[in-house]
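Only one structure is covered here, and it is reproduced in the block below.
The values are calculated or read from the model by the stated rules, or taken from the named source; none is laboratory data. None of these values were measured; they are calculated from a predicted model. Every residue, glycine among them, receives a Cβ derived from its backbone with ideal geometry; neighbour counts consider all protein chains shown. Accessible surface areas use protein heavy atoms only, side chains included; no ligands, DNA or RNA. Shrake-Rupley method; radii C 1.70, N 1.55, O 1.52, S 1.80 Å.
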Amino acid sequence: MDPAGLINKIFQAVVNIDVGRKGLSTDGKEHYGRISYEDGISTALSSFKEAQIFADPQTLILAELAFLQQELQFCHDSDTDTKSSLVQAVQSFEDALRSLEVVEDVVMYQGAEKTYPVSPKYRIQGFPRDAFHIACMTHRTRLHNVLRAPGINMIEKAVLNQRAANMTTAQGGYIEKQKKSLK
């Protein structure tokens, strides 16, 4: 499947999850809610697994960004902590996409690389710990924090684990792009 089709599947998955959650909490709609929720979770899991197969950093980031933007759209206005976290994640992934643009331009990236300290604190495998790496690392932490919450069912945990694995895969692909730009 092409990246655009993948993003569309992710949008639909989040819609089904949201409809399902609302149905589960509405008398008389529990059955429909459960079906919609399970369909959404299943579609999300297969979509994120499919994104990992691409192993393309941009596709992985776009898939996660699409999921987060949809979650933000369905987030209740009074849920300020969740909204704040989602807004930060979206901004972080938008910055990561900007880093992807720069890493593709060898001359520009070689210049940008010189602005990062050589201390290991600011490097990953010797390469700059830039916005792309920061987005992946902070999001992986965010996902692992959610995994620690009690009451999350195993299929939802599988989706969270897959999303975290996708961040690791995205970073690996991004490091390859950094190597190519800085050789």
- Message: I'm trying to understand the selection: among the residues of segment 51-61, which are assigned to a helix (DSSP H, G or I) and touching a helix residue (DSSP H, G or I) at 6+ places or on another chain (Cβ under 6 Å)?
- Response: 51, 52, 57, 58, 59, 60, 61
- Mind listing whichever residues of segment 161-181 are buried (at least 16 other Cβ atoms within 10 Å of the Cβ) and of a type in the set (Ser, Thr, Tyr)? 169, 174, 181
- Keeping to segment 163-183, report how many residues are within 14 Å of the chain's Cα centre (by Cα) and not hydroxyl-bearing (Ser, Thr, Tyr). 7
- Note on the structure: Here the qualifying pairs (Cβ atoms under 6 Å; residues six or more apart or on different chains; first in segment 17-38 and more than 18 Å from residue 158 (Cα to Cα); second open to solvent by 60 Å² or more (accessible area, probe 1.4 Å) and outside any helix (DSSP H, G or I)) come out as 23/29
- Message: Yes or no: segment 40-50 includes at least one residue that is open to solvent by less than 50 Å² (accessible area, probe 1.4 Å), of a type in the set (Phe, Trp, Tyr), within 17 Å of residue 179 (Cβ to Cβ) and part of a helix (DSSP H, G or I).
- Response: no
- Query: Quick check: anything in segment 114-131 free of Cβ contacts under 8 Å to residues at least 60 places away in the same chain, more than 13 Å from the chain's Cα centre (by Cα) and on the phi > 0 side of the Ramachandran plot?
  - Reply: yes
- Provide a single number: the residues in segment 73-96 that are under 17 Å from residue 174 (Cα atoms) and touching a helix residue (DSSP H, G or I) at 6+ places or on another chain (Cβ under 6 Å). 4
- Query: Looking at segment 51-65, which of its residues are over 14 Å from the mean Cα position of the chain (by Cα) and either open to solvent by less than 50 Å² (accessible area, probe 1.4 Å) or aromatic (Phe, Trp, Tyr) (or both)?
  - Reply: 54
- Would you confirm whether any residue within segment 18-34 is at pLDDT below 95, in a helix (DSSP H, G or I) and closer than 23 Å to residue 166 by Cα? yes
- Message: Restricting to segment 102-143, count the residues that are farther than 18 Å from residue 61 by Cβ and of a type outside the set (S, T, N, Q).
- Response: 15
